[in-house]
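Accompanying notes for the structure given below.
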Amino acid sequence: TPQLPQSSFSHLRRQAAALDAFRPRLDACCHHETPLACARQAWTEVLDGFCDDEFGVKTRQFHCCRQRGTA
């Protein structure tokens, strides 16, 4: 996670944490028999977790968290 000031920037910390969570899962997908499907599922799960975190705070949520389905 990048070095950010302790106050403010929590939205950037959540974004960085989501990308940090995605990286090892994506690496594991490289060895999967269907890497694209694996990567898509990993991204969806990480993004769902990110959006759960976003909706858990009283700030404006990241725009993609208001999308549904394949959007």
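Read-outs throughout are calculated quantities, based only on the coordinates presented, and are distinct from any laboratory measurement. Just so it is clear, the structure is predicted and the values come from calculations on it, not from any experiment. Note: ideal-geometry Cβ built from the backbone for every residue, glycine included; neighbour counts use all protein chains shown.
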Q. How much net charge surrounds residue 47 when only the other residues with a Cβ under 11 Å from the Cβ of residue 47 are counted, with Lys and Arg +1 and Asp and Glu -1?
A. -4
Q. How far apart, in nm, are the 7 Å Cα→Cβ label points at residue 41 and residue 26?
A. 1.9
**Q.** Packing-based order for 17-29, 38-50, using average beta carbon neighbours within 10 Å, highest first
**A.** 38-50, 17-29
